[in-house]
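Before any comments, here is the structure.
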Amino acid sequence: MAELGQIIFDILVFVLPLYFGNAAPTILGGGPPIDGGRYWKDGKRILGDGKTIRGFWLAVLVGIIIGVLLAWIINSFDGVIFGNPPIDIRLEYQEFYESSIIYPLLSFLNLADVLANSLVLGGVTGGISTLGGMTGDMVGSFIKRRSGIPRGKTFIFLDQLGFLVLGMVFIYPIIPCPPLWLAFLVPITFLTHIAANLFGYFTGIQDDPL
């Protein structure tokens, strides 16, 4: 049980910037759409008005900020044990960095130590994972437009997990998280997304309960 609690804690520290970044466009979005109002060859919008330039880049900024903030908080409590069963407050994903695909190149360029700084790594991890998440969100919108699903309506699994999959793909060259993490992240992300949508539906923020 203690090991399970530690795994969940470590995963949440890693993925929270992506979660916050993915949710940010709902509040911070608006403005010109990424597709510029253009249509695909099927006569339907490429992405739609819901995917905006401002929402995309502010989401990445939120991911960076949350990543740095979490790293700073973890540093303040690093090594502290709390709870019963006990959980070690740590930045576990930092341990995966030296085994990453990109680490030898960064070492050759004498940049490895820069990214090894926990605050820098937190910001980079949050920003790149959110960049991947927003790209996944756009891919999902493209598929939904081709499928004739209107804006705001749900494409089950694609809406809940598309951003997670691309977020993990984008960050993998820097943080090669273990497969066990992904096994936890899929159900956690799916259920969290459903819960957030239900909250938005019952509070009037969105029309679709899923």
Exercise. Name the residues in region 39-60 that are in contact with a helix residue (DSSP H, G or I) (Cβ under 9 Å, 6 or more places away or on another chain) and in a helix (DSSP H, G or I), would you?
Worked result: Arg54, Gly55, Phe56, Trp57, Leu58, Ala59, Val60
For this session: Please give the number of the condition Ile149 fails out of (1) in contact (Cβ under 8 Å) with a residue 12 or more places away in the chain; (2) touching a Phe, Trp or Tyr at 6+ places or on another chain (Cβ under 6 Å).
Result: (1)
Exercise. Out of the residues in region 83-133 that are farther than 30 Å from Lys51 by Cβ and of a type in the set (Val, Ile, Thr), which is modelled with the highest pLDDT?
Worked result: Val114
Exercise. Going through region 20-65 one residue at a time, which ones are of a type in the set (Gly, Ala, Ser) and more than 23 Å from Ala195 (Cα to Cα)?
Worked result: Gly30, Gly31, Gly36, Gly37, Gly43, Gly48
Seminar exercise, completed: Exception for Leu18 within (1) within 15 Å of the chain's Cα centre (by Cα); (2) without any contact (Cβ under 8 Å) to a residue 24 or more places away in the chain falls at (2)
Seminar exercise, completed: Of (1) surrounded by 14 or more Cβ atoms within 10 Å (Cβ to Cβ); (2) within 30 Å of Leu185 (Cβ to Cβ), Arg45 fails just (2)
Problem set entry | Test for Gly140: is it under 20 Å from Asp49 (Cα atoms) and either in contact with a His (Cβ under 9 Å, 6 or more places away or on another chain) or surrounded by 17 or more Cβ atoms within 10 Å (Cβ to Cβ) (or both) | yes
Problem set entry | Filter result for Gly79 (out of contact with any helix residue (DSSP H, G or I) (no Cβ under 9 Å at 6 or more places or on another chain) and within 29 Å of Pro173 (Cβ to Cβ)) | yes
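The rows are residues; the columns are (1) among the hydrophobic types (A, V, I, L, M, F, W, C); (2) surrounded by fewer than 17 Cβ atoms within 10 Å (Cβ to Cβ); (3) closer than 27 Å to Ser100 by Cβ; (4) in contact (Cβ under 8 Å) with a residue 60 or more places away in the chain.
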{"position": "Phe155", "(1), (2), (3), (4)": "yes, yes, no, no"}
{"position": "Leu161", "(1), (2), (3), (4)": "yes, no, yes, no"}
{"position": "Met168", "(1), (2), (3), (4)": "yes, no, yes, no"}
{"position": "Val186", "(1), (2), (3), (4)": "yes, yes, yes, no"}
Exercise. Before we move on, is Ser107 of a type in the set (Ser, Thr, Tyr), under 21 Å from Ile171 (Cα atoms), surrounded by 12 or more Cβ atoms within 10 Å (Cβ to Cβ) and within 23 Å of the chain's Cα centre (by Cα)?
Worked result: no
For this session: Name the single residue, out of those in region 1-38 being of a type in the set (Gly, Ala, Ser) and in a loop (DSSP other than H, G, I, E, B), that is farthest from Phe77 (Cα to Cα).
Result: Gly37
Problem set entry | Residue identified as touching a residue at least 60 places away in the same chain (Cβ under 8 Å) and not charged (D, E, K, R) among Ile81, Ile73, Ile46, Ile53 | Ile46
Exercise. What residue, of Ile73, Ile66, is among the β-branched types (Val, Ile, Thr), surrounded by fewer than 18 Cβ atoms within 10 Å (Cβ to Cβ) and within 22 Å of Ala23 (Cβ to Cβ)?
Worked result: Ile73
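The values are calculated or read from the model by the stated rules, or taken from the named source; none is laboratory data. Here the structure is a predicted model, which is why all the values come from computation and not from measurement. Cβ sites come from the backbone with ideal geometry, for glycine too, and all protein chains shown count toward neighbours.
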